[in-house]
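No lab work stands behind these numbers, since they all come straight from the coordinates. All values derive from a computational prediction rather than experimental measurement. Cβ: placed from backbone, ideal geometry, glycine included. Neighbour counts: every protein chain shown.
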Amino acid sequence: MIELYKVEVVYDDGYKGLTEIDLHIERGELVYVTGNSGAGKSTLLRLLYADLMPSRGIVKVEGQNLGNMNHKSVAFMRRNVGVIFQDYKLLEDATVYDNLALPLEIYYMKKSVIRDKVYNLLKMLDIFQHRDSVVQKLSGGEKQRVAVARALLNEPFVMVADEPTGSLDAKNADKVMDMLLHKSAKGTTILIATHDQRIIKEFPGRVIQLDRGKLIYDSKAKGKVNV
Ligand SMILES: Nc1ncnc2c1ncn2[C@@H]1O[C@H](COP(=O)(O)OP(=O)(O)O)[C@@H](O)[C@H]1O
Ligand SMILES: [Mg+2]
């Protein structure tokens, strides 16, 4: 469950990235965040993994207010929110396997448990054959699937994806979307910032639209809101 109450984000230079956002997302919903470039999509997503604090209003994820957390709770919260970035943010010099195994070793998990977990994810996303390749040798589509696998490692209850299919052809975009839909059916709440109308049409979900920092449309509200 994600709750935003009258949320405003003001950047350091005074620019209002978001204004008066009221939004409720139930567990297991798949929500597309749409809007032109500069509308505030990334700003909204950053709030949800506590990369940005609201200047006004309240942001809650699973009942936890993200506005007043100490460092320890931020770390704990981030473990429960999987993030997929458009530019992947992978360790380019490391192998696919290590990119996925290293974050788990931090939790002192047994090597055999880590191996099973990583192999399963790689098979599901059809990149198992690349497990020993160095990331920088992979294509964009393969890298994006590694990034999706990494976001799924901790079985997060919220997944946030910023233009996850932006650099993918239709076939690879579909693989990523199949995986996200499968997770959402199992109860993971998913937010996807995207311009990709084909994806929105083919993989049904709730659609919200931002315009200059305002929420101007919500398919769940069946009409225009807040204009
Ligand atoms: N760190 C920042 N400082 C000032 N303005 C920013 C910053 N980050 C984003 N913005 C501005 O906030 C607005 C929304 O940005 P963003 O959320 O990245 O939009 P989108 O993801 O929809 O393209 C844009 O006008 C952008 O220039
Ligand atoms: Mg963006």
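Figures for the structure shown
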read-out: Exceeding the 28 Å Cα-Cα cut-off - candidates 186/220; 60/117; 117/137; value: 60/117
read-out: Cα-projected label distance for residue 58 with residue 5, points at 7 Å along beta-carbon direction, nm; value: 0.2 nm
read-out: 5 Å binning of all Cα-Cα separations within the chain, expressed as whole percents from 0 upward; value: 1, 7, 14, 18, 19, 16, 12, 8, 4, 1, 0
read-out: Packing-based order for 197-205, 23-31, using average beta carbon neighbours within 10 Å, highest first; value: 23-31, 197-205
read-out: Selection of chymotrypsin sites (Phe, Trp or Tyr not before Pro), region 74-130, meeting DSSP coil and at most 12 other Cβ within 10 Å; value: 107, 108
read-out: Set 123/201; 175/201; 123/143 screened for pairs whose C-alpha atoms are more than 20 Å apart; value: 123/201
read-out: Cα centroid separation, region 20-87 to region 170-190 (Å); value: 19 Å
read-out: Cβ-based exposure ranking for 182, 130, 195, 71, in which fewest neighbours within 10 Å come first; value: 71, 182, 195, 130
read-out: Candidate aspartates and glutamates - alpha carbon under 15 Å from residue 110, same-chain residues fewer than 8 apart omitted; value: 98
read-out: Fluctuation leader among 94, 173, 193 - the chain, Gaussian network, Cα springs under 10 angstrom; value: 94
read-out: Proximal aspartates and glutamates relative to residue 214, as straight alpha-carbon distance under 14 Å, when same-chain residues fewer than 8 apart are discounted; value: 8, 20, 22
read-out: Of 109, 159, 179, the one that fluctuates the most in a GNM where the chain has Cα springs shorter than 10 Å; value: 109
read-out: Helix 140-152 axis, angle to the chain major axis (alpha carbon atoms, nearest 10°); value: 80 degrees
read-out: Inter-label distance, nm, simple model (7 Å from Cα along the C-beta direction), residue 78/residue 185; value: 3.3 nm
read-out: Over 11 Å [Cα-Cα, region 1-52], rounded percent; value: 74 percent
